[in-house]
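The values are calculated or read from the model by the stated rules, or taken from the named source; none is laboratory data. All values derive from a computational prediction rather than experimental measurement. All Cβ positions, glycine included, derive from the backbone under ideal geometry; neighbour counts span all protein chains shown. The area values use the complete protein model at the heavy-atom level, side chains included, leaving out ligands, DNA and RNA. Shrake-Rupley method; radii C 1.70, N 1.55, O 1.52, S 1.80 Å.
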Amino acid sequence: MDLNPLIAARWSPRAFDATAEVAPEVVRLLLEAARWAASHGNTQPARFLVGYRGDDTFERIFGALRPGNRTWAGRASVLLVGAVVAADERGPLPNAEFGLGLAVQNLVLQAVELGLVTHQVGGFSPEELRTAFGIPEDVRPVVVVAVGVLGDPDALPVDLAARERRERVRKPLAETAFTGEWGRPAFG
């Protein structure tokens, strides 16, 4: 059996084409894919802020990134903030981050299907985003997702360009999937 090509093709480059644009209807499709993700009890805790390169929303999201991420993220066509709602009319939402993770993965795989690339970022200030956008206390920014078209790694600083070109590696299943007891590989 082969891995689904969308999953196999997914990666998180930092080299974005700074001239490429991603149209609002494409971003809408990405967010529709996110909206249809599974969530605990259909609570749908994922929320998104959308900024297009050159607009004020993009600039405020960009401004909340840590300096290392600013070296490349400004070349992305779109910056999204993925956040979770902690509660609804039924009370606290269980597994909210899991729901956001599934939504972001749907978004990312839809992007791959469309020939786009994405990079998820944890290096940002949630408080800066909260202040910049008036995010309510019961909503927590969790991830920034850069979306765009793959660019030239040579446009990156030398250390990041080298990371773009290295082979993608994952831990073997023997280190991540167990059976019978913790640490006993489920697969050889």
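Does A73 satisfy being surrounded by 20 or more Cβ atoms within 10 Å (Cβ to Cβ) and small (G, A, S)? Answer is yes for this residue.
Against the conditions (1) hydrophobic (A, V, I, L, M, F, W, C); (2) in a strand (DSSP E or B); (3) over 18 Å from A64 (Cβ atoms), V147 satisfies every one except (3).
Here is a yes/no grid of residues against (1) among the basic types (K, R); (2) surrounded by 18 or more Cβ atoms within 10 Å (Cβ to Cβ):
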{"residue": "M1", "(1), (2)": "no, no"}
{"residue": "I7", "(1), (2)": "no, no"}
{"residue": "R28", "(1), (2)": "yes, no"}
{"residue": "E32", "(1), (2)": "no, no"}
{"residue": "N42", "(1), (2)": "no, no"}
{"residue": "P45", "(1), (2)": "no, yes"}
{"residue": "V85", "(1), (2)": "no, yes"}
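Selection of segment 36-87 for residues being under 14 Å from the mean Cα position of the chain (by Cα) and of a type in the set (D, E, K, R) yields only R47.
Among the residues of this structure, V169 does not count as one that is without any contact (Cβ under 8 Å) to a residue 24 or more places away in the chain, more than 29 Å from F98 (Cα to Cα) and open to solvent by 100 Å² or more (accessible area, probe 1.4 Å).
Those residues that are within 16 Å of the chain's Cα centre (by Cα) and open to solvent by 60 Å² or more (accessible area, probe 1.4 Å), I need them from segment 121-163; list them, please. The answer is R140, L150.
Cβ contacts < 6 Å: first residue closer than 25 Å to S77 by Cβ, restricted to segment 133-146; second residue outside any strand (DSSP E or B) and open to solvent by less than 20 Å² (accessible area, probe 1.4 Å), any location; separation 6+ or different chain. Result? Partner pairs satisfying both residue conditions: P141/L129; V142/L100; A146/A73; A146/A76. In a residue-by-residue description of segment 105-114, the property of being open to solvent by less than 90 Å² (accessible area, probe 1.4 Å), within 13 Å of W72 (Cα to Cα) and either touching a Phe, Trp or Tyr at 6+ places or on another chain (Cβ under 8 Å) or part of a loop (DSSP other than H, G, I, E, B) (or both) applies to no position. Looking across segment 96-120, just one residue is of a type in the set (G, A, S) and under 9 Å from the mean Cα position of the chain (by Cα), and that is G101. The set of residues in segment 56-69 that are surrounded by 13 or more Cβ atoms within 10 Å (Cβ to Cβ) and of a type in the set (D, E) contains only E59. Pairs are defined by a Cβ separation below 7 Å, a sequence spacing of at least 6 or placement on different chains, a first member in segment 23-52 that is touching a residue at least 12 places away in the same chain (Cβ under 8 Å), and a second member that is open to solvent by 80 Å² or more (accessible area, probe 1.4 Å); the pairs so defined are H40/N95; H40/F98.
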